[in-house]
Amino acid sequence: MTTQQEQTSSHLRFPATFAWGAATSAYQVEGAVNEDGRGTSIWDTFTRTPGRVLGGDHADVAIDHYHRFRDDVAVMAELGLTAYRFSVSWPRIQPDGSGTFNLKGLDFYKRLTDELRANGIDPWLTLYHWDLPQALEDAGGWPNRDTAYRFADYARCVHDALKDHVHTFSTVNEPWCAAFLGYASGEHAPGRREPANAVRAAHHLNLAHGLAVQAMDARRVGGCVNLYAVSPETRSEADLDAARRIDGLQNRFFLDALLLGRYPDDVIEDLGVGLDFVADGDMAVINAPIDVLLVNYYSRFTVSGAPGGKASAAAAPTDTGSPWVGSEHVSFVNGGRPVTAMGWEIDQDGLLEVLNRVARDYPAVPLVISENGAAFDDVLEQGRVHDTDRRAYLDAHLSACRAAIEAGVPLEGYFAWSLMDNFEWAWGYGKRFGLVHVDFETQRRVLKDSALWYAEIIRHNRRHEPTDS
């Protein structure tokens, strides 16, 4: 390790039990969409619709993780990961979203988790990362209440099959995205622009989480939310109201439901929809006790409510509507911070703000950073990727994690997003988040400088038990 690396990592000591991981999702990495009985997902359909994904990209092959998982686990072991967060493809387990379970699909995840455990890597399983079986979408999708019950059946099946292989199960990844990007803006699959149905979808995704928690007798189970620090552009009344609105729909709508068993009154008023889809007892189900809350954090939102607001610095890649139901007038502006290749503001202080807020304002629950990372314009030169911007991003956000722990936040782990470059949803293959560079033509994997640095951070913290924790 160089002197510079020692100086970088020496201030980043974490508790000896801290989980050091990286994350992926099934649709973004697996490929093999027509193999071993896998059914069609909404993302298969979406990517085949002209204009939905940049360049007409799809994930039929992605990075071929389905066939290369042993080699990919070897990369994880080389990095020294102690944990790996992945998702299960629902249509690989239930091709039609209900009924018979596909044993070949379950067998793949058994082989994957066995390989992880054999290499000393703890599998963290996410049940849903947006790949709804197309048959369930044809029946109404997430706006249809029955989808939540189908999800609970699927969760029970996966849990029963893999409970001896997996220690931590999580339910729905980023329900905000699945609901509001999928059913309001149309940026994500299934590509619908139906604001009222997006709100119904959000509730049914929350309900699906609660029903799944009840259905699984898991040793450790959690929910997963994507949280943002939100700032008004100015202290004007309009901008302060815009910040309240976006914070409400992005953060409080889901945190309050999962951890307090209610929806915020001001958010319901902002949405302007009735709650006829919320049945008696739903909120108690959603508020089912969890063992860990997974938090995905990438950026800060700076917002304005002024009339004729400016265009967002992080525009969608294709023609879409607004995901901000009831607050479509709010504009997103650059707050003067540097941005990633996605146009997202880089603000590690926002991560500390988010973690402190959850620990302060909600019932005590262990927290894990389940996604954190950045896309930059990586260049492979002479077999190396010198991604200094990504390394600086990760270093700053890990420093924020350490500060949160020192402030008393019960933070138990960190998962970088993503382990490898992969299919980046509506952006196709044009945005790279990985610690590992992937040549999408040859499938060759190359560790970026950020991966080598992260491996040293992990090695340092596994070797030395901190004296100040």
What number of residues within the stretch 160-169 are out of contact with any strand residue (DSSP E or B) (no Cβ under 6 Å at 6 or more places or on another chain) and open to solvent by less than 20 Å² (accessible area, probe 1.4 Å)?
1
Could you grab the pairs with beta carbons closer than 8 Å, sequence gap of 6+ or different chains, first residue in the stretch 70-82 and under 10 Å from Asn119 (Cα atoms), second one among the hydroxyl-bearing types (Ser, Thr, Tyr) and open to solvent by less than 40 Å² (accessible area, probe 1.4 Å)?
Val73/Tyr84; Met76/Tyr84
Just to be sure I understand the filter: pairs with C-beta atoms under 6 Å, separated by 6 or more residues or on different chains, first member in the stretch 358-369 and within 17 Å of Gly413 (Cβ to Cβ), second member hydroxyl-bearing (Ser, Thr, Tyr) and outside any loop (DSSP other than H, G, I, E, B). Which pairs pass?
Ile369/Tyr414
Looking at this structure, is Ala238 small (Gly, Ala, Ser), open to solvent by less than 30 Å² (accessible area, probe 1.4 Å) and touching a strand residue (DSSP E or B) at 6+ places or on another chain (Cβ under 8 Å)?
no
For the stretch 364-451, which strands (runs of 3 or more DSSP E) that fit wholly inside it have 3 or more residues that are under 20 Å from the mean Cα position of the chain (by Cα) and buried (at least 22 other Cβ atoms within 10 Å of the Cβ)?
367-371, 411-417
Looking only at the stretch 310-363, which residues are at positive phi and more than 22 Å from the chain's Cα centre (by Cα)?
Gly326, Gly336
Scan of the stretch 255-278 for residues that are open to solvent by 40 Å² or more (accessible area, probe 1.4 Å) and touching an Asp or Glu at 6+ places or on another chain (Cβ under 9 Å), ordered by number
Arg262
Residue selected from the stretch 257-294 under the condition assigned to a loop (DSSP other than H, G, I, E, B) and among the acidic types (Asp, Glu), by the criterion nearest to Leu411 (Cα to Cα)
Asp291
Being of a type in the set (Ser, Thr, Tyr), under 19 Å from the mean Cα position of the chain (by Cα) and either within 30 Å of Glu328 (Cα to Cα) or outside any strand (DSSP E or B) (or both) narrows Tyr183, Tyr149 down to just Tyr183
Would you check if Phe46 is under 21 Å from the mean Cα position of the chain (by Cα), surrounded by fewer than 24 Cβ atoms within 10 Å (Cβ to Cβ), in contact (Cβ under 8 Å) with a residue 40 or more places away in the chain and farther than 22 Å from Leu136 by Cβ?
no
From Ala400, Ala455, Ala396, Ala374, residue being among the aliphatic types (A, V, I, L, M), in contact (Cβ under 8 Å) with a residue 40 or more places away in the chain and touching a Gly at 6+ places or on another chain (Cβ under 6 Å):
Ala455
Is the stretch 83-97 home to any residue that is small (Gly, Ala, Ser), open to solvent by 10 Å² or more (accessible area, probe 1.4 Å) and closer than 25 Å to Glu371 by Cα?
no
In the stretch 170-199, residues that are open to solvent by less than 10 Å² (accessible area, probe 1.4 Å), touching a Cys at 6+ places or on another chain (Cβ under 9 Å) and within 15 Å of Ala316 (Cβ to Cβ) total 0
Just a yes or no: is a residue in the stretch 200-211 assigned to a loop (DSSP other than H, G, I, E, B) and either surrounded by fewer than 21 Cβ atoms within 10 Å (Cβ to Cβ) or not hydroxyl-bearing (Ser, Thr, Tyr) (or both)?
no
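The values are calculated or read from the model by the stated rules, or taken from the named source; none is laboratory data. Every value quoted in this text rests on a predicted model; they were computed, and no experiment measured them. FYI the Cβ positions are ideal-geometry reconstructions off the backbone, even for glycines, and counts take in every protein chain you see. Ligands, DNA and RNA are excluded from the accessible area calculation, which covers all protein heavy atoms including side chains. Shrake-Rupley method; radii C 1.70, N 1.55, O 1.52, S 1.80 Å.
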